[in-house]
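The values are calculated or read from the model by the stated rules, or taken from the named source; none is laboratory data. Bear in mind that the values here come from a model prediction, so they are computed numbers and not experimental data. FYI the Cβ positions are ideal-geometry reconstructions off the backbone, even for glycines, and counts take in every protein chain you see.
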Amino acid sequence: MPLVLAVALTAGACKPREKAPPQVARALREFEGAYPLEARPNGTVRAFDIVAEPTEVALVNGHRLRVWAYNGQVPGPQLRIRLGETLRVRFTNRLPQETTIHWHGVRLPNAMDGVPHATQPPVQPGETFVYEFTPKDAGTFWFHPHVRSSEQVERGLYGVLIVEDAEPPPYSRDAMWVIDDWLLDETGQVLPRFNTRHDLAHDGRWGNVLTVNGRTDEVLRVRPGERIRLRLLNSANGRVVMPDFSALEAKLIAVDGMYLREPIDPAGFELAPGNRIDLDITFNQNMAAPLPIFDRFSSRRPNRLADIVVEGEPVIPAGFASPARAHVPAWKEGLQVPEHHGFRLNARRGGPFGIEWTIDDKAFAGHSHHHEPLLTLKQGRFYRLRFVNESARLHPIHLHGMFFRLLARDGVPVDEPFFRDTVLVHGRESVDIALVPTDVGSWMMHCHILEHAEAGMMTLLEVTSG
Ligand code: C2O
Ligand code: CU
């Protein structure tokens, strides 16, 4: 496979295929070289054991929340490896249901992607499965089940995978905020009704308790002068957040794991379910009081996410160049490339929950064992795809196994200086993206509002060689 792809890309660069418009050759040339087509394992294997099982955790004020957790923690264990290292996870399922682990955002071999029936049989209660792969990219990724995810993720099954650069930039610390949103009932426990009509008719399950790192009272304590890297993940089923860091000197340096072309102001970034952002923040002075960081996605009702406290002995600020200087092609010519496919996103009555969410009028039946891909793409080619939201609801569309660039919203060109693996498509909006598939296999594409996905808004894209 590696050779085939290398040849395809080189051919694309030097001698455009017949019929391939010149823009395509240019777009491919801009991509090749910048992103590794193959993993480069350095021989070091990092082994972890992960067990999924029901347990209790302290949410806040000593309140015991019954959850399903990886290794007894919510969020699950933070797996940290370096680029070039191989991750080996021995996973055991002690849940009352079958499950899998999907490695969100990671370019990996298809057999390790954790999609039930498509890439592996589901892991039955009591069974063990070994996931092993060498990521091709450094960045902030996460993992979660891909079986009944609207229930399993909501109950607490998710964790972070950080792939550090081979030489990590010298931030004084590397902190993580995992943002989640829980719908608790009168007894303070996870409301055990999933995929309700209400959730399905709206933007999924939005909860009544917001947590950061599993707590409602998370505080990040830093010293004046510190320069930190703060990584954020939205692991909620449905809620979109827009964290407001405007009171701080914060720069956006990575989105969905991948570095930006240059650091930018993070204001207005919509962190949809599945999205990650990395911020570079320097704390210049002491602050008299804790600084609350608010989510301002819904302008009427800001939500407090966590507090930052700057106190103590000052440290000398670390001066080093921002790591955000990736080669991110502008792909301006991408909009002239004919659209390869336009996916229509919509809903209709019917299906097991009463409402089905569809892609091109098809609802994915999660528990069936046989799936036809909706679209076939060739490895190493440039594609422009479009999502047309015919509904009024939100759809953060996520592609497995590849990353893409946003080209336009409602036909208006946008140049985000970064790649993504999840893009929020607003009600009635159309979104154009471009991508170059690098890995062969059956890759899922779905809405990351997990109730929408469970009710059908999922499909498979087949990437074939040559
Ligand atoms: Cu977090 Cu199929 O995705
Ligand atoms: Cu959706």
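Against the criterion of being in contact with a Ser or Thr (Cβ under 8 Å, 6 or more places away or on another chain), touching a residue at least 12 places away in the same chain (Cβ under 8 Å) and outside any loop (DSSP other than H, G, I, E, B), L210 qualifies.
Give the residue that is surrounded by the fewest Cβ atoms within 10 Å (Cβ to Cβ), with candidates limited to residues of region 281-303 that are touching a residue at least 60 places away in the same chain (Cβ under 8 Å) and closer than 21 Å to S235 by Cα. Filtering region 281-303 for residues that are touching a residue at least 60 places away in the same chain (Cβ under 8 Å) and closer than 21 Å to S235 by Cα, the one surrounded by the fewest Cβ atoms within 10 Å (Cβ to Cβ) comes out as N303.
Only a single criterion out of (1) farther than 30 Å from P224 by Cβ; (2) among the small types (G, A, S); (3) buried (at least 17 other Cβ atoms within 10 Å of the Cβ) is not satisfied by A166, namely (3). The condition of being in contact with a helix residue (DSSP H, G or I) (Cβ under 7 Å, 6 or more places away or on another chain) and either farther than 22 Å from P54 by Cα or surrounded by fewer than 16 Cβ atoms within 10 Å (Cβ to Cβ) (or both) does not hold for L184. L335 meets all of the listed conditions (1) crowded, with 16+ Cβ neighbours inside 10 Å; (2) over 30 Å from L200 (Cα atoms); (3) among the aliphatic types (A, V, I, L, M) but one, namely (1).
A count restricted to region 393-411 and to residues that are away from ligand 2 (no atom under 16 Å from the Cβ), part of a loop (DSSP other than H, G, I, E, B) and among the charged types (D, E, K, R) stands at 1. Count of region 436-466 residues, restricted to those that are within 16 Å of F403 (Cβ to Cβ) and within 16 Å of ligand 2 (Cβ to nearest atom), is 4.
Matching residues to (1) under 20 Å from R148 (Cα atoms); (2) at pLDDT below 95; (3) polar (S, T, N, Q):
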{"site": "R64", "(1), (2), (3)": "no, yes, no"}
{"site": "W68", "(1), (2), (3)": "yes, no, no"}
{"site": "G76", "(1), (2), (3)": "yes, no, no"}
{"site": "L79", "(1), (2), (3)": "no, no, no"}
{"site": "V89", "(1), (2), (3)": "no, no, no"}
{"site": "Q97", "(1), (2), (3)": "yes, no, yes"}
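Looking only at residues in region 246-277 that are in contact (Cβ under 8 Å) with a residue 40 or more places away in the chain and of a type in the set (G, A, S), the one that is farthest from M402 (Cα to Cα) is A247. Residue-level check: of (1) in a loop (DSSP other than H, G, I, E, B); (2) more than 16 Å from ligand 2 (Cβ to nearest atom), R239 misses just (2).
When you look at G411, is it free of Cβ contacts under 8 Å to residues at least 40 places away in the same chain, in contact with an Asp or Glu (Cβ under 9 Å, 6 or more places away or on another chain) and either closer than 24 Å to A25 by Cα or surrounded by 23 or more Cβ atoms within 10 Å (Cβ to Cβ) (or both), yes or no?
Against the criterion (free of Cβ contacts under 8 Å to residues at least 40 places away in the same chain, in contact with an Asp or Glu (Cβ under 9 Å, 6 or more places away or on another chain) and either closer than 24 Å to A25 by Cα or surrounded by 23 or more Cβ atoms within 10 Å (Cβ to Cβ) (or both)), G411 qualifies.
A count restricted to region 147-157 and to residues that are within 16 Å of ligand 2 (Cβ to nearest atom) and either of a type in the set (F, W, Y) or not in a helix (DSSP H, G or I) (or both) stands at 2. Restricting to region 424-466, give me the number of residues that are away from ligand 1 (no atom under 16 Å from the Cβ), among the charged types (D, E, K, R) and part of a loop (DSSP other than H, G, I, E, B). Adding up the residues that qualify gives 2. All conditions but one from (1) closer than 16 Å to D307 by Cβ; (2) surrounded by 23 or more Cβ atoms within 10 Å (Cβ to Cβ); (3) of a type in the set (G, A, S) apply to A254; the one that does not is (1).
Within region 158-190, restricting attention to residues that are aromatic (F, W, Y) and assigned to a loop (DSSP other than H, G, I, E, B), the residue that is nearest to ligand 2 (Cβ to nearest atom) is Y158.
Looking only at residues that are assigned to a loop (DSSP other than H, G, I, E, B) and aromatic (F, W, Y) in region 290-332, which one is nearest to the chain's Cα centre (by Cα)? Here the answer is F297.
Conditions (1) touching a helix residue (DSSP H, G or I) at 6+ places or on another chain (Cβ under 6 Å); (2) at pLDDT 95 or above; (3) farther than 30 Å from E151 by Cα, marked per residue:
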site: D415; (1), (2), (3): no, no, yes
site: T422; (1), (2), (3): no, yes, no
site: V425; (1), (2), (3): no, yes, no
site: E429; (1), (2), (3): no, yes, no
site: D432; (1), (2), (3): no, yes, yes
site: H446; (1), (2), (3): yes, yes, no
site: A453; (1), (2), (3): no, yes, no
site: M457; (1), (2), (3): no, yes, no
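Take region 364-381 and flag every residue that is crowded, with 18+ Cβ neighbours inside 10 Å and either assigned to a strand (DSSP E or B) or more than 16 Å from ligand 1 (Cβ to nearest atom) (or both). Result: L377, Q379, G380, R381.
Scan region 96-146 for residues that are more than 24 Å from A365 (Cβ to Cβ) and assigned to a loop (DSSP other than H, G, I, E, B) and jot them down. Those that are more than 24 Å from A365 (Cβ to Cβ) and assigned to a loop (DSSP other than H, G, I, E, B): G105, V106, R107, L108, P109, G126, T134, P135, K136, D137, A138. Kindly indicate whether I433 is of a type in the set (A, V, I, L, M), crowded, with 20+ Cβ neighbours inside 10 Å and away from ligand 2 (no atom under 14 Å from the Cβ). So I433 passes the test. For R193, the conditions (1) in contact with a Leu (Cβ under 8 Å, 6 or more places away or on another chain); (2) modelled with pLDDT of 95 or more; (3) within 30 Å of S391 (Cα to Cα); (4) more than 16 Å from ligand 2 (Cβ to nearest atom) are fulfilled apart from (1).
Residue-by-condition table, conditions (1) away from ligand 1 (no atom under 16 Å from the Cβ); (2) on the phi > 0 side of the Ramachandran plot:
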site: R348; (1), (2): yes, no
site: G351; (1), (2): yes, yes
site: E356; (1), (2): yes, no
site: I359; (1), (2): no, no
site: Y383; (1), (2): yes, no
site: N389; (1), (2): yes, no
site: L406; (1), (2): yes, no
